[in-house]
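Notes follow once the structure below has been shown.
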Amino acid sequence: MTRYMTERSPNLDPTANNSPTKKLRTVMLIDDSEVDRAVYRRYLQTDAEYQYTFVEAETGEEALELYAQCQPDIILLDYLLPDFDGLEWLVQWQRQYKNFCSLIVLTGQGDENIAVQFIKNGAADYFVKDRITPEKLKLAIGKEIALKKLQLEKQDLFAKLISRNEKLERSNRLYQAEIAQRDKLSKIIANVPVVIYAKYVDATSKQPGKLWLVNQEFQQIFKIAEAEAIGKTDRELFPPHIADDFAANDRLLIASKQPITTEEEVYHADGTLHTYLSFKFPLFSEGEITSIVGMATDITPEKQAQTELLQSETRFRQTFEQAAVGIAHVAPDGKWLRVNQKLCQIVGYTKEELLSITFQDITHPEDLHTDLEYVRQILAGAISTYSMEKRYIRKDEAYIWINLTVSLVSDSNDEPDYFIAVIEDISDRKALEASLQKSWQRLSNLHQIDKAILAAVKPQAIAETVIKDIQNLLTCQRASIVTFDWERETSTILATQGVKDDVLNNGLQVSLDIWQGIIDRLENEDKQGYITAHLSQLPKSSEMAIALENTKLDCFFAFPLNSQDNLLGILKLWFEEPETITTEELTMLEEISSQLAIALEQARLYKQTQNYALELEAKVAQRTAQIEEINQELKAFTYTISHDLKAPLRAIQGFASALQEDYGDNLDDLGQEYAARLISSAWQMTQLIEDLLAYSRLCRIEIQLKSVDLEVIVHRAIEQLQLEIERTQANIILVEPLSSMIGNKTILLQIVSNLLSNAIKFVPPKVQPQIRIGTEIIMDSAETKIRLWVEDNGIGIDREHQKRIFQVFERLHGNEAYPGTGIGLAIVKKSMERLGGRFGVESNPGKGSRFWIEGRQR
Ligand code: ADP
């Protein structure tokens with residue numbers, strides 16, 4: 001295939017023929033006919049307005065390649081090419097190139113259809129070769145190029161329009177998105193529970209200015225509508241000092257151009273003051289701050305909590321520091337971690353000194369073991385707290401008693417962290433306890449001595465007790481009690497303890513002389529109740545001086561043992577250091593001495609009393625023996641009476657009766673009367689003897705007690721007195737039933753007979769005896785008693801004689817009026833005494849009597 005490219009014609013050469021007035025056009029000629037191409041060149045070169053450059057191709061293939069290189073303003077295409085038909089080429093060209101220029105089809109013969117096909121496919125015009133003229137061609141080319149240019153311009157304009165439109169749409173979308181974003185942001189700003197505001201910064205003065213944004217939280221808290229707040233300065237909205245604080249922070253921010261976080265205080269609308277944590281940051285425009293934006297959160301509760309915590313910590317620290325007791329934190333190994341002032345005072349160390357040692361260092365060695373044992377138990381979890389009294393060694397090396405209470409604090413891992421120790425100074429209490437203990441001991445000592453006094457034990461035992469107790473009360477090297485025997489002029493060591501008590505031991509007797517000096521002084525200077533003396537004041541040759549010579553003992557206190565005005569002895573106490581003895585102890589020793597003196601005196605009296613008692617006992621025994629002897633004699637006498645007196649009496653009675661009966665006729669009236677009196681006197685004598693025997697028997701015999709039916713007894717007595725009753729026509733009424741009484745049948749019968757016979761006997765002449773006998777129950781507080789009474793209508797008894805008639809031989813009447821022996825009631829009284837009961841009478845003269853006996857019911 002041949003390719004042609006026409007050379008530029010010489011007049012087209014830009015260096016030679018380049019006319020500055022002509023415009024340039026490039027025409028591509030695609031035609032296999034050289035002639036036709038030459039015709040077209042010639043036609044166009046005549047153009048006065050344009051200068052043409054021709055690019056020529058003979059085949060379609062060549063033309064397609066060339067097109068890319070030359071970019072013609074227009075193509076003149078032959079309809080029939082050797083390798084393409086013009087329509088096909090057109091389609092191919094348009095497919096291959098995007099930018100294509102105008103194209104005019106030139107064909108050998110005219111055909112409407114083809115022309116239409118070409119126009120439809122983008123050709124600009126269609127010419128038949130032989131009908132074309134230079135003018136037509138130039139015109140057509142000029143028109144098509146202009147058209148194409150217009151078309152291109154139009155296309156370009158359109159493309160620009162589209163692009164701008166797209167840009168506009170894009171920016172519109174961005175704008176919408178931004179609006180949406182802003183909307184969200186302002187919603188956040190509005191609703192976030194944080195105060196948000198923004199204010200201008202004045203460009204020239206660099207001072208914070210008017211607010212231009214306040215969110216809802218702001219409006220709510222300050223109860224201000226947005227419209228009211230916007231445009232106002234802080235000064236217009238807040239109290240001056242608050243606004244000044246804001247401004248100060250704002251100025252810091254403006255000066256530094258950096259965000260700041262600060263705490264600001266502000267009043268809410270309800271008047272409460274709140275603290276806000278405020279974050280402020282600047283907004284810039286061209287490097288200059290134009291606004292300040294602030295975000296503030298109410299931290300009042302946290303602040304309050306913080307303040308409270310601070311206060312509580314302060315309080316705690318103050319409590320710790322100013323506590324009236326020592327408080328410390330102690331490490332598990334015993335090291336002091338924190339100590340308060342009071343503890344320092346108690347132990348006499350400074351804080352720094354204490355913190356460099358352990359509690360073990362200042363604990364008294366005797367108390368350490370107990371304390372460490374507690375620590376071991378608390379660390380082992382066996383106990384949670386402990387309390388003990390112990391001693392610390394102060395810095396000045398003095399001991400101090402404290403009460404310690406300890407508890408353990410564990411860390412978050414439940415491991416022992418530290419101990420809390422509370423240390424209370426109890427030295428005063430301990431001193432008080434000690435003094436109480438002493439007082440108690442003193443009291444108990446005195447009590448011991450009192451007990452000894454009461455027991456009135458032997459003086460030596462008393463002295464030994466006192467010496468022992470004194471040694472318990474105070475420290476003395478030697479104590480002894482010496483008693484004086486003024487008659488024998490000796491002294492005895494009653495009890496001793498301490499130095500040389502093996503030599504100067506109990507019971508040792510020494511001459512009274514050696515104490516003379518002491519005794520004289522005690523008598524003369526005993527103002528205090530004691531004296532102090534020295535060994536040198538005792539005679540050098542005395543046992544005392546010799547024994548104590550080489551000891552350390554020199555000074556002793558001598559307390560007199562005074563009982564009334566009698567110096568019984570001395571209590572001596574020897575001290576190596578006499579100045580250590582206190583006034584209190586001296587007072588106590590004085591008390592002991594006076595008690596001791598009483599005890600010794602008491603013991604002496606007791607011994608004396610014992611002696612008296614012994615003497616008395618001996619006397620009683622002697623008297624008893626004498627009485628028994630008399631008693632025996634009395635018994636013998638009674639026996640004599642009963643037997644020896646009764647026999648002659650019976651003889652008198654018998655002979656008097658015989659005299660009456662056998663010699664009655666020989667006797668005159670007086671003789672008769674003498675005989676009768678003799679008989680009656682003898683009978684009376686017999687009666688008296690009987691009664692006396694009965695009475696004395698009562699005193700001697702042993703009585704068996706049992707329950708006795710009084711009814712039986714009363715009936716027997718009535719029987720016994722039947723003759724008398726009949727003789728006197730006595731009326732006897734028994735108030736039945738009659739009870740029983742503890743007693744003895746025989747004795748009770750004797751009693752009732754006596755009472756009944758008296759009731760019959762002691763009535764005025766010619767009066768019929770009216771007698772009532774009954775029993776009654778007497779409720780005694782201890783037991784129930786039975787009372788038997790015998791009531792008569794007799795002569796009665798004067799009150800003043802009522803006791804007397806119970807004695808032996810006591811009678812109120814002569815034998816003529818009322819015969820008797822005067823022993824009956826004495827027998828009743830004695831009988832009731834022997835039965836363990838009582839006997840009595842209620843009577844009025846002329847109105848009868850009521851005699852009663854009272855005994856146990858069971
Ligand atoms: P005696 O009857 O033998 O005189 P008693 O000892 O029985 O001795 O009585 C002492 C005295 O008490 C009597 O002498 C009498 O004076 C008085 N006496 C005793 N019983 C009665 C009585 N029932 N009424 C009045 N006097 C009485």
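So the values come out like this:
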{"read-out": "Counted residues, region 81-94 - those being touching a residue at least 40 places away in the same chain (Cβ under 8 Å) and open to solvent by 10 Å² or more (accessible area, probe 1.4 Å)", "value": "3"}
{"read-out": "The lone exception for residue 97 - which of (1) modelled with pLDDT of 90 or more; (2) open to solvent by less than 70 Å² (accessible area, probe 1.4 Å) it fails", "value": "(1)"}
{"read-out": "Output for region 294-314, where each listed residue is open to solvent by less than 60 Å² (accessible area, probe 1.4 Å) and modelled with pLDDT of 90 or more", "value": "294, 296, 298, 299, 300, 305"}
{"read-out": "Residues satisfying the stated conditions in region 767-788, i.e. over 17 Å from residue 842 (Cα atoms) and within 16 Å of the ligand (Cβ to nearest atom)", "value": "767, 768, 769"}
{"read-out": "One residue from 663, 639 being in a helix (DSSP H, G or I), under 25 Å from residue 745 (Cα atoms) and among the hydroxyl-bearing types (Ser, Thr, Tyr)", "value": "639"}
{"read-out": "Search result, residues across region 844-854 that are of a type outside the set (Asp, Glu), more than 7 Å from the ligand (Cβ to nearest atom) and touching a strand residue (DSSP E or B) at 6+ places or on another chain (Cβ under 9 Å)", "value": "848, 850, 852, 853"}
{"read-out": "The listed residue being loosely packed, with under 11 Cβ neighbours inside 10 Å and within 30 Å of residue 204 (Cβ to Cβ), out of 291, 285", "value": "285"}
{"read-out": "Residue in region 122-130 that is touching a Gly at 6+ places or on another chain (Cβ under 7 Å), among the charged types (D, E, K, R), surrounded by 14 or more Cβ atoms within 10 Å (Cβ to Cβ) and in a helix (DSSP H, G or I) present", "value": "yes"}
{"read-out": "Subset tally (residues that are part of a strand (DSSP E or B) and open to solvent by 30 Å² or more (accessible area, probe 1.4 Å)) for region 689-708", "value": "2"}
{"read-out": "Restricting region 109-121 to residues that are polar (S, T, N, Q) and surrounded by 13 or more Cβ atoms within 10 Å (Cβ to Cβ), the residue that is nearest to the chain's Cα centre (by Cα)", "value": "121"}
{"read-out": "Region 520-563, subset in a strand (DSSP E or B), touching a Phe, Trp or Tyr at 6+ places or on another chain (Cβ under 8 Å) and of a type in the set (Gly, Ala, Ser), residue surrounded by the fewest Cβ atoms within 10 Å (Cβ to Cβ)", "value": "533"}
{"read-out": "Options 626, 602; residue that is surrounded by fewer than 11 Cβ atoms within 10 Å (Cβ to Cβ) and not small (Gly, Ala, Ser)", "value": "626"}
{"read-out": "Selected residue [of a type in the set (Asp, Glu), under 25 Å from residue 858 (Cβ atoms), away from the ligand (no atom under 16 Å from the Cβ) and assigned to a helix (DSSP H, G or I)] from 673, 726, 711, 719", "value": "711"}
{"read-out": "Any hit, region 339-360, residues being part of a helix (DSSP H, G or I) and acidic (Asp, Glu)", "value": "yes"}
{"read-out": "Tally, over region 789-832, of residues that are near the ligand (Cβ under 8 Å from one of its atoms) and of a type in the set (Ser, Thr, Tyr)", "value": "2"}
{"read-out": "Residue count for region 496-512, restricted to those that are under 17 Å from residue 460 (Cβ atoms) and aliphatic (A, V, I, L, M)", "value": "3"}
{"read-out": "Odd one out for residue 246 among (1) open to solvent by less than 90 Å² (accessible area, probe 1.4 Å); (2) hydrophobic (A, V, I, L, M, F, W, C); (3) more than 23 Å from residue 301 (Cα to Cα)", "value": "(3)"}
{"read-out": "Set 158, 84: member being at pLDDT 85 or above and either more than 16 Å from residue 31 (Cβ to Cβ) or of a type in the set (A, V, I, L, M) (or both)", "value": "158"}
{"read-out": "Evaluation of residue 534 against (1) in contact with a Cys (Cβ under 7 Å, 6 or more places away or on another chain); (2) within 20 Å of residue 599 (Cα to Cα) (one fails), failing number", "value": "(2)"}
{"read-out": "Number of positions in region 185-231 that are under 15 Å from residue 280 (Cβ atoms), of a type in the set (A, V, I, L, M, F, W, C) and part of a loop (DSSP other than H, G, I, E, B)", "value": "1"}
{"read-out": "Total residues in region 679-713, condition in contact with a strand residue (DSSP E or B) (Cβ under 8 Å, 6 or more places away or on another chain), under 17 Å from residue 754 (Cβ atoms) and touching a residue at least 60 places away in the same chain (Cβ under 8 Å)", "value": "1"}
{"read-out": "Lone qualifier among 573, 494, 586, 568 - being open to solvent by less than 80 Å² (accessible area, probe 1.4 Å), out of contact with any Phe, Trp or Tyr (no Cβ under 8 Å at 6 or more places or on another chain), touching a residue at least 24 places away in the same chain (Cβ under 8 Å) and within 30 Å of residue 440 (Cβ to Cβ)", "value": "494"}
{"read-out": "All positions within region 786-818 that are within 28 Å of residue 708 (Cα to Cα) and open to solvent by 60 Å² or more (accessible area, probe 1.4 Å)", "value": "803, 807"}
{"read-out": "Residue list for region 748-762, filter: aliphatic (A, V, I, L, M), within 16 Å of the ligand (Cβ to nearest atom) and open to solvent by less than 20 Å² (accessible area, probe 1.4 Å)", "value": "751, 752, 755, 756, 759, 760"}
{"read-out": "Residue among 517, 507 that is open to solvent by 20 Å² or more (accessible area, probe 1.4 Å), touching a helix residue (DSSP H, G or I) at 6+ places or on another chain (Cβ under 8 Å) and not in a loop (DSSP other than H, G, I, E, B)", "value": "517"}
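The values are calculated or read from the model by the stated rules, or taken from the named source; none is laboratory data. Everything numeric here is computed off the predicted structure, so don't read it as measured data. FYI the Cβ positions are ideal-geometry reconstructions off the backbone, even for glycines, and counts take in every protein chain you see. Side chains are part of the model used for accessible areas, which takes the heavy atoms of the whole protein and leaves out ligands, DNA and RNA. Shrake-Rupley method; radii C 1.70, N 1.55, O 1.52, S 1.80 Å.
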